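The values are calculated or read from the model by the stated rules, or taken from the named source; none is laboratory data. Note that the structure is a prediction, hence the values are computed from the model and not measured. Neighbour counts run over all protein chains shown; Cβ positions are idealised from the backbone, glycine included.
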Amino acid sequence: MRLVSEWLSLHRAQYWTQQRVRLGGMPDGIGSSAQSEAERALLLGAFARWADAIVELPDRTELIEAKIVAHPVALGQLELYARLLPLTPNLSHRRGLPVTPVLLYAVPDELVLQLARERGIQLVQYRPPWVDEHLARHAARKHRAPLPQRLQEASS
(Lines give C-alpha, C1' and ligand atoms only; values in the text may rest on other atoms or scores of the structure.)
Protein backbone atom coordinates (compact mmCIF):
# COMPACT_ATOMS: atom_id res chain seq x y z
CA MET A 1 0.00 0.00 0.00
CA ARG A 2 2.93 2.34 0.62
CA LEU A 3 4.07 1.93 -2.99
CA VAL A 4 0.68 2.81 -4.44
CA SER A 5 0.03 5.61 -1.96
CA GLU A 6 3.30 7.36 -2.75
CA TRP A 7 2.91 6.89 -6.49
CA LEU A 8 -0.61 8.31 -6.44
CA SER A 9 0.50 11.39 -4.51
CA LEU A 10 3.35 11.98 -6.97
CA HIS A 11 1.61 11.17 -10.26
CA ARG A 12 -2.16 11.37 -9.80
CA ALA A 13 -2.66 14.07 -7.15
CA GLN A 14 -4.77 16.18 -9.52
CA TYR A 15 -7.39 13.41 -9.88
CA TRP A 16 -9.90 11.78 -7.57
CA THR A 17 -8.36 8.58 -6.25
CA GLN A 18 -9.44 5.85 -3.88
CA GLN A 19 -7.30 3.20 -2.23
CA ARG A 20 -8.35 -0.28 -1.11
CA VAL A 21 -11.48 -0.20 -3.21
CA ARG A 22 -14.00 -3.00 -2.73
CA LEU A 23 -15.24 -4.15 -6.13
CA GLY A 24 -18.34 -6.04 -7.15
CA GLY A 25 -21.16 -7.05 -4.90
CA MET A 26 -22.34 -10.11 -3.09
CA PRO A 27 -23.15 -12.99 -5.48
CA ASP A 28 -26.89 -13.70 -5.63
CA GLY A 29 -28.09 -15.84 -2.76
CA ILE A 30 -24.89 -15.58 -0.75
CA GLY A 31 -25.48 -14.28 2.73
CA SER A 32 -29.25 -14.49 2.55
CA SER A 33 -29.28 -17.50 4.87
CA ALA A 34 -26.74 -16.03 7.29
CA GLN A 35 -27.81 -16.51 10.89
CA SER A 36 -26.16 -13.34 12.15
CA GLU A 37 -24.47 -10.15 11.03
CA ALA A 38 -21.12 -11.70 11.99
CA GLU A 39 -21.78 -14.65 9.68
CA ARG A 40 -22.93 -12.33 6.89
CA ALA A 41 -19.74 -10.25 7.32
CA LEU A 42 -17.65 -13.43 7.14
CA LEU A 43 -19.38 -14.48 3.91
CA LEU A 44 -19.01 -11.01 2.44
CA GLY A 45 -15.29 -11.06 3.28
CA ALA A 46 -14.88 -14.39 1.48
CA PHE A 47 -16.22 -12.84 -1.73
CA ALA A 48 -14.68 -9.40 -1.35
CA ARG A 49 -12.32 -8.26 -4.05
CA TRP A 50 -10.13 -5.26 -3.26
CA ALA A 51 -8.24 -3.22 -5.82
CA ASP A 52 -5.23 -1.38 -4.47
CA ALA A 53 -6.46 1.85 -6.06
CA ILE A 54 -8.59 3.47 -8.71
CA VAL A 55 -8.03 6.81 -10.38
CA GLU A 56 -10.97 8.68 -11.85
CA LEU A 57 -9.66 10.40 -14.97
CA PRO A 58 -12.09 12.41 -17.10
CA ASP A 59 -12.12 9.87 -19.95
CA ARG A 60 -11.37 6.56 -18.18
CA THR A 61 -10.83 4.80 -14.89
CA GLU A 62 -7.38 3.51 -13.98
CA LEU A 63 -7.48 0.32 -11.96
CA ILE A 64 -4.20 -0.17 -10.10
CA GLU A 65 -2.69 -3.26 -8.54
CA ALA A 66 0.70 -2.70 -6.89
CA LYS A 67 3.38 -5.29 -6.19
CA ILE A 68 6.91 -4.72 -4.94
CA VAL A 69 8.01 -7.49 -7.33
CA ALA A 70 5.96 -7.79 -10.53
CA HIS A 71 4.01 -10.99 -9.95
CA PRO A 72 1.79 -13.00 -12.31
CA VAL A 73 -1.05 -13.10 -9.78
CA ALA A 74 -1.50 -9.34 -10.30
CA LEU A 75 -2.47 -9.93 -13.94
CA GLY A 76 -5.38 -12.17 -13.02
CA GLN A 77 -6.41 -9.78 -10.27
CA LEU A 78 -6.50 -6.87 -12.71
CA GLU A 79 -8.55 -8.82 -15.24
CA LEU A 80 -11.05 -9.85 -12.57
CA TYR A 81 -11.25 -6.36 -11.10
CA ALA A 82 -11.84 -4.81 -14.55
CA ARG A 83 -14.90 -7.05 -14.90
CA LEU A 84 -16.12 -6.22 -11.41
CA LEU A 85 -15.70 -2.46 -11.62
CA PRO A 86 -18.87 -1.84 -13.71
CA LEU A 87 -20.84 -4.04 -11.27
CA THR A 88 -19.75 -2.05 -8.21
CA PRO A 89 -22.66 0.02 -6.84
CA ASN A 90 -20.40 2.76 -5.42
CA LEU A 91 -18.77 3.22 -8.83
CA SER A 92 -21.94 3.37 -10.94
CA HIS A 93 -20.97 6.91 -12.02
CA ARG A 94 -17.99 5.37 -13.88
CA ARG A 95 -20.05 2.88 -15.92
CA GLY A 96 -19.56 3.29 -19.62
CA LEU A 97 -16.05 4.69 -19.28
CA PRO A 98 -13.09 2.56 -20.36
CA VAL A 99 -11.06 0.84 -17.66
CA THR A 100 -7.27 0.88 -17.90
CA PRO A 101 -5.67 -1.86 -15.81
CA VAL A 102 -2.29 -0.78 -14.40
CA LEU A 103 0.39 -2.94 -12.81
CA LEU A 104 2.50 -0.73 -10.57
CA TYR A 105 5.72 -2.46 -9.54
CA ALA A 106 9.18 -1.73 -8.18
CA VAL A 107 11.13 -4.81 -9.28
CA PRO A 108 10.53 -6.19 -12.77
CA ASP A 109 10.01 -9.79 -13.80
CA GLU A 110 10.42 -9.75 -17.57
CA LEU A 111 8.12 -12.71 -18.23
CA VAL A 112 5.35 -11.13 -16.16
CA LEU A 113 5.83 -7.81 -17.95
CA GLN A 114 5.65 -9.56 -21.31
CA LEU A 115 2.38 -11.27 -20.33
CA ALA A 116 1.01 -7.96 -19.09
CA ARG A 117 1.79 -6.27 -22.40
CA GLU A 118 0.10 -9.11 -24.28
CA ARG A 119 -3.01 -8.64 -22.13
CA GLY A 120 -3.13 -4.86 -22.61
CA ILE A 121 -2.16 -4.07 -19.04
CA GLN A 122 -0.32 -0.79 -18.60
CA LEU A 123 3.01 -1.11 -16.78
CA VAL A 124 4.40 1.48 -14.40
CA GLN A 125 7.69 1.01 -12.58
CA TYR A 126 8.19 3.07 -9.44
CA ARG A 127 11.13 2.25 -7.22
CA PRO A 128 11.57 4.67 -4.32
CA PRO A 129 14.69 4.29 -2.15
CA TRP A 130 12.85 2.50 0.67
CA VAL A 131 12.18 -0.48 -1.63
CA ASP A 132 15.83 -1.51 -1.52
CA GLU A 133 15.80 -1.30 2.27
CA HIS A 134 12.59 -3.33 2.36
CA LEU A 135 14.03 -6.00 0.09
CA ALA A 136 17.27 -6.20 2.03
CA ARG A 137 15.42 -6.53 5.32
CA HIS A 138 12.40 -8.66 4.42
CA ALA A 139 12.86 -10.28 1.05
CA ALA A 140 16.49 -10.52 -0.01
CA ARG A 141 15.61 -13.34 -2.38
CA LYS A 142 13.38 -10.98 -4.38
CA HIS A 143 16.05 -8.52 -5.50
CA ARG A 144 15.54 -9.86 -8.98
CA ALA A 145 13.10 -12.19 -10.58
CA PRO A 146 14.14 -15.81 -11.08
CA LEU A 147 15.73 -16.51 -14.42
CA PRO A 148 13.76 -18.60 -16.88
CA GLN A 149 14.86 -22.24 -16.73
CA ARG A 150 16.68 -22.15 -20.09
CA LEU A 151 18.80 -19.21 -19.01
CA GLN A 152 19.63 -20.90 -15.71
CA GLU A 153 20.75 -24.06 -17.53
CA ALA A 154 22.87 -22.06 -19.97
CA SER A 155 24.62 -20.21 -17.18
CA SER A 156 25.40 -23.43 -15.25
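Details
- In the stretch 60-75 there is at least one residue matching the filter, namely being modelled with pLDDT of 90 or more, surrounded by 11 or more Cβ atoms within 10 Å (Cβ to Cβ), in contact with a helix residue (DSSP H, G or I) (Cβ under 7 Å, 6 or more places away or on another chain) and hydroxyl-bearing (Ser, Thr, Tyr).
- Residues located in the stretch 49-59, provided they are modelled with pLDDT of 95 or more and either surrounded by fewer than 20 Cβ atoms within 10 Å (Cβ to Cβ) or in a loop (DSSP other than H, G, I, E, B) (or both): 55, 56, 57, 58, 59
- Positions within the stretch 90-118 being closer than 13 Å to residue 70 by Cβ, touching a Leu at 6+ places or on another chain (Cβ under 9 Å) and surrounded by 13 or more Cβ atoms within 10 Å (Cβ to Cβ), in sequence order: 102, 103, 104, 105, 106, 107, 108, 112, 113, 115, 116
- Subset of the stretch 95-108 that is modelled with pLDDT of 95 or more and not hydrophobic (A, V, I, L, M, F, W, C) - its residue that is farthest from the chain's Cα centre (by Cα): 98
- Taken over the stretch 119-138, the residue count meeting the criterion of being more than 17 Å from residue 65 (Cβ to Cβ) and either at pLDDT 95 or above or in contact with a helix residue (DSSP H, G or I) (Cβ under 8 Å, 6 or more places away or on another chain) (or both) is 3.
- Condition check for residue 40: at pLDDT below 95 and either under 17 Å from the mean Cα position of the chain (by Cα) or surrounded by 19 or more Cβ atoms within 10 Å (Cβ to Cβ) (or both): no
- Apart from one condition, residue 83 fits all of (1) outside any helix (DSSP H, G or I); (2) out of contact with any helix residue (DSSP H, G or I) (no Cβ under 9 Å at 6 or more places or on another chain); the exception is (1).
- Single residue of the stretch 86-130 satisfying the filter (assigned to a helix (DSSP H, G or I) and among the polar types (S, T, N, Q)) that is nearest to residue 53 (Cα to Cα): 90
- Every pair of residues 6+ apart whose Cβ atoms lie under 8 Å, when the first sits in the stretch 121-139 and is of a type in the set (Phe, Trp, Tyr) while the second is not in a helix (DSSP H, G or I): 126/104; 126/105; 126/106
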